[in-house]
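Here it is, the structure, as structure tokens.
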Amino acid sequence: MDFKTFQEDIASIRSRDPAAHSWLEVILCYPGLHALLIYRVAHWCWGRGFRVLGRFLSHLGKIFTGVEIHPGATIGRRLFIDHGTGVVIGETAVIGDDVTLYQGVSLGGTSLHQGKRHPTLEDGVIVGSGAQVLGPFTVGKGARIGANAVVLTEVPAGATMVGIPARMVLRKPKEGEPAFCAYGLSDENLPDPVARAMDSLRAQVAALMDRVEELESGLQAGKDKSGAGRRKPRVVAATTEEKEEGATIASARSQQ
């Protein structure tokens with residue numbers, strides 16, 4: 001690690017945290033910066049075969065900063081770990097440039113094999129506090145992951161993910177919008193994916209009910225029309241002569 005990289009780390013923290021009022025404050029009071037410095041020494045040891053020493057330095061960093069970074073992880077430039085406590089970065093994790101992680105974030109693995117087990121975070125990714133990113137997939141450039149989300153699948157570039165399991169709830173940011181967004185969430189009201197699904201179901205049920213009412217009305221109208229068109233049987237009254245003739249025939253039969 002050279003002095004220029006150290007300057008970049010401090011400048012990136014000051015640009016992303018309004019609570020950082022001076023360089024000296026960042027150097028003395030930011031555990032995420034301390035953890036990153038220890039990681040770089042441990043990573044140097046790990047890459048040159050001193051793996052036990054690298055793990056031991058990583059362990060000391062965890063004790064003093066609350067941040068656990070495996071020395072085998074690959075981390076780019078200007079990583080900002082805000083607050084720090086509870087952050088875990090696994091052995092095969094890959095982190096790009098200008099990534100921001102908040103407290104309680106885990107970049108973990110879900111398998112036991114020796115290959116790639118942990119996620120890859122591309123440049124500019126923001127992961128909110130308590131989020132769990134689990135598995136050997138890629139979180140696309142500029143993606144944002146909300147607090148306490150559990151991400152188990154690929155994340156498109158620029159997407160915002162929330163929930164358990166995480167779902168995409170916002171479109172990609174437009175040009176001109178700020179690249180950094182605290183805790184991975186913008187000021188606008190985020191739609192609730194569950195509520196949105198319920199609203200969609202309610203709309204479908206309402207449309208089906210309207211259609212049923214329309215069909216029932218059409219059926220009733222057809223019945224009324226067919227009933228009105230049906231002709232009633234004609235009743236013709238018997239004449240006086242026909243009545244007398246009938247009475248004569250009935251009397252003759254009775255006499256027989």
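Beta carbons within 10 angstrom, averaged per residue: use that to sort the peptides 82-95, 201-214, highest first. Write down the numbers at each step before the final one.
Working: 82-95: 20.2, 201-214: 10.0.
Answer by packing, highest mean first, reads 82-95, 201-214.
Same structure again: Could you compute how fast the range 3-188 diffuses translationally, taking Rh as the Kirkwood radius over C-alpha pairs and applying Stokes-Einstein at 20 °C with viscosity 1.002 mPa s? Give it in µm² per second. Walk me through the numbers on the way to the answer.
Working: Rh = 16.4 Å.
Answer from the Stokes-Einstein relation: 130 µm²/s.
Could you calculate the FRET efficiency of L215 with T138 from 1/(1 + (r/R0)^6), where r is the beta carbon distance between them and R0 is 51 Å, rounded to 0.05? Before the final figure, lay out each step's value.
Values: r = 50 Å, r/R0 = 0.98.
E(calc), rounded to 0.05, equals 0.55.
Sticking with this structure for a sec: For the range 62-151, what does the convex hull of the Cα positions come to per residue, in cubic angstrom? Let's see the in-between values first.
Values: hull volume 7.3 nm³, N = 90.
Per-residue hull volume (Cα only) is 81 Å³.
Contour minus end-to-end for Q204 and E25, with contour as 0.36 nm per residue of separation and end-to-end as the Cα-Cα distance?
58.8 nm
A further question follows. Using a 10 Å cut-off on Cβ atoms, rank the peptides 123-131, 36-44, 215-223 from the highest mean neighbour count down.
123-131, 36-44, 215-223
What FRET efficiency do you get for L53 and M168 if R0 is 35 Å and r is their Cβ-Cβ distance, rounded to the nearest 0.05? Walk me through the intermediate numbers first.
Working: r = 42 Å, r/R0 = 1.20.
Here the calculated transfer efficiency is 0.25.
Moving on to the next point. Suppose R0 equals 30 Å. What FRET efficiency, 1/(1 + (r/R0)^6) with r the Cβ-Cβ distance, do E8 and K62 give to the nearest 0.05?
Details: r = 24 Å, r/R0 = 0.80.
So, using R0 = 30 Å, E works out to roughly 0.80.
Values in this text are rule-based calculations from the coordinates and carry no lab data. These numbers were taken from a predicted model, which means no experiment stands behind them. Neighbour counts are summed over all protein chains in view; Cβ atoms, including those assigned to glycine, are modelled from backbone coordinates with ideal geometry.
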